[in-house]
Amino acid sequence: MDNYTQIRKALQDICRQEGNNYVFTADVQKVEGQMCEVVVGDLVLSEVRLCSVIDGNDNNLVIEPKENSKVLVMDMSGGQMRDLVVIKVSEVESISVNGGKLGGLIKIDELTRKINSLIDTFNNHTHLVNTTGSASKQSGTASATMNKMESLNKSDYEDEKIRH
């Protein structure tokens, strides 16, 4: 029996001990794109997918595990150790939805505070007025705007289905 066959057999035995589901725990060694390299005992497994299907389509969810964290790996080839995919992570480095084209999530409380500070400044803004060229010099303050903006409430624009 060659080394690869022995390794496959040993991994199959490990997987069967955990309920015959071909699922096992591994340590993340490195992550590159939608793949990672994991370690099980002394065995290094490369090209473990972070998505069940890698087809060039960015319309997916990629949860990137932190290096040196634990992951749960499923063997979708039924014990042949060909089609490995991460199904759960212990520590998250990043999450990308649909390729991350829209950028990062906002920090809703900080954004609400900053917008409300801007609204407050706008509502209370006045101009100093100096006039010359008349019989007497005049100075004063022009009144604040008559149309006040309302403060924002984060519930007006927060989608609570996705949280971070």
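The values are calculated or read from the model by the stated rules, or taken from the named source; none is laboratory data. In this text, all values refer to a predicted model and were calculated from it rather than measured experimentally. Virtual Cβ from ideal backbone geometry, glycine too; neighbours counted across all protein chains shown. Accessible surface areas use protein heavy atoms only, side chains included; no ligands, DNA or RNA. Shrake-Rupley method; radii C 1.70, N 1.55, O 1.52, S 1.80 Å.
A few comments on the model shown:
- Multiplying the residue separation of F122 and E160 by 0.36 nm and removing their Cα-Cα distance gives an extension gain of 10.8 nm.
- Partners for K148 among aspartates and glutamates (Cα-Cα distance below 12 Å; same-chain residues under 8 apart left out): D120
- Accessible area (Å², per residue) of the range 52-127, counting only protein heavy atoms and a probe of 1.4 Å: 69 Å²
- Take each peptide in 85-92, 31-38, count the other Cβ atoms within 10 Å of every residue, and average; sorted highest first, the result is 31-38, 85-92.
- Members of K107/K154; K9/K88; K88/K161; K70/K101 lying beyond 18 Å, as alpha-carbon distances in this model show: K9/K88; K88/K161; K70/K101
- Between T5 and I115, full extension at 0.36 nm per residue minus the direct alpha carbon distance yields a gain of 33.4 nm.
- Cβ-Cβ FRET estimate between N153 and V97, R0 fixed at 35 Å, reported to 0.05: 0.85
- Contour excess over end-to-end distance, with Cα ends at Q29 and Q12 and 0.36 nm allotted per residue: 4.0 nm
- Two-site label geometry, N59 and K88: point separation in nm, points 7 Å out along Cα→Cβ: 3.0 nm
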